[in-house]
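**Student:** My questions will all concern the structure given below.
All of the numbers you see were taken from the coordinates with simple rules; none came from a lab. Not measured: the values here are computed from a predicted model. Here the Cβ is made from the backbone with ideal geometry for all residues, glycine too, and neighbour counts use every protein chain on show.
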Amino acid sequence: MLPFDDDAARRIARTYTTPDIVGQRERTLALLDLAPGERALDVGTGPGQLLAAMAARVGPDGLARGVDPSPAMVAMARERCAGLPATAVTEGGVSGPGSLPDGPFDAVVSTQVLEYVADIPAALAEIHRVLRPGGRVLLLDTDWDSVVWQVDDRDRHARVLTAWEQHLVDPRLPRTLGPALRAAGFTDVRVDVIPLLNATWDEDTYSAWTLGTIADYVAGRGGLRRADADAWAADVRDRGDYFFSVNRYAFRAARPRGRSGVDGSSGAASAGPS
Ligand SMILES: C[S@@+](CC[C@H](N)C(=O)[O-])C[C@H]1O[C@@H](n2cnc3c(N)ncnc32)[C@H](O)[C@@H]1O
């Protein structure tokens, strides 16, 4: 797994200021559709950019609550949200029953987080528990099979991306999230794709920042030496025919209103498919 320490937090925060991720955040916020006065929880809030934007939408009469297990991320999110009314950031993460702050929340969002979580049914049951009946969830994750990157050495590239997959629990989570949401008792499951596309080389892009993160991570893994990682990075970056794209998938679903068996007390997946 990626160590979400001070260095990683700084690098992720910088990567998330690129126009690619600013656009992804705007799309996420549009899909989440928060209203003034709503209570919203950001699970794995990271550097807190989404949380700060959520606070602006729910306003002083709402609540924008963030949790993250990384002390470095919590410190960064707290600093970003300092002075914003109705925000709170605490250390914690989604796992089994009682791991999230008790709601009820009108909305729960978690972007680029569940792919790091080992027990998805338990995490979805816990998100379900803290939502009010009728509340909604938005989960955004990457399918790393969707990466398109122009390179000369395709064999080395394949080995790099395979080693990179070790940085998370499930590099292909989106393809199973819909059924998992239904099994956890959610209804009205909808999915949108949010592509990131860098069709020319530019330092201020998601892929330019991520290639450095990948090179550092894979050096010493999967039989790749530092020199292999550096050679891969040199092969990919700053080419005349630079091309990169990857897909994020945003799942929205609702906790049903007043269905028996999914009343928030058990958090169990007892409802049938929607
Ligand atoms: C790639 S960052 C995404 C940050 C933020 N959600 C965003 O999109 O801007 C992943 C974050 O997930 C957090 N994380 C990892 N495991 C978690 C868990 N079980 N529950 C909540 N957050 C978790 C990490 O500490 C890290 O801050």
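**Student:** How do D170, D153 line up, fewest other C-beta atoms within 10 Å first?
**Tutor:** Going from least to most buried by this count: D153, D170.
**Student:** Could you tell me what % of all Cα pairs in the chain have separations over 33 Å?
**Tutor:** Result: 22 percent of Cα pairs exceed 33 Å.
**Student:** Work from the charge dipole of the chain (Cβ charges, +1 for Lys and Arg, -1 for Asp and Glu, about the Cα centre) and give the residue of G185, I21, A55 farthest towards its positive end.
**Tutor:** Comparing the listed Cα positions along the dipole, G185 ranks first.
**Student:** Given the stretch 88-231, report the % of alpha carbon pairs whose separation exceeds 25 Å.
**Tutor:** 41 percent
**Student:** Count the DSSP beta bridges whose two residues both fall in the chain, then state the antiparallel fraction as a percent rounded to the nearest 5.
**Tutor:** So the antiparallel bridges in the chain amount to around 50 percent.
**Student:** What list do you get for S99, S245 if you sort them by fewest beta carbons within 10 Å?
**Tutor:** In order of increasing Cβ crowding within 10 Å: S245, S99.
**Student:** Next question, about the same structure. If you rank V94, V169, V160 by fewest surrounding Cβ atoms within 10 Å, what's the result?
**Tutor:** Ranking V94, V169, V160 by Cβ neighbours within 10 Å, fewest first, gives V169, V94, V160.
**Student:** Sticking with this one: Working from the pairwise distances between different alpha carbons, so that the mean of 1/r is found and then inverted, what is the stretch 37-95's Kirkwood radius in Å?
**Tutor:** It works out to 10.8 Å.
**Student:** Using the C-alpha atoms of the stretch 175-262, what convex hull volume per residue, in cubic angstrom, is computed?
**Tutor:** 137 Å³
**Student:** Test of understanding: in a Gaussian network model of the chain with alpha carbons linked when under 10 Å, which of L138, L114, L224 would top the mean-square fluctuation ranking?
**Tutor:** Judging by the Gaussian network model, the answer is L224.
**Student:** Gap in Å between the Cα centre of the stretch 221-243 and the Cα centre of the stretch 1-56?
**Tutor:** About 28 Å separates the Cα centre of the stretch 1-56 from the one of the stretch 221-243.
**Student:** With Kirkwood's inverse mean 1/r over C-alpha pairs for Rh, give me the Rg to Rh ratio of the stretch 1-144, two decimals please.
**Tutor:** Looking at the stretch 1-144, the ratio lands at 0.93.
**Student:** A further question follows. From the P(r) of the stretch 62-138, could you give the percentage of C-alpha pairs in the tail past 14 Å?
**Tutor:** 63 percent
**Student:** Give me the distance between the Cα centres of the stretch 159-217 and the stretch 82-97, rounded to whole Å.
**Tutor:** Going from one Cα centre to the other spans 24 Å.
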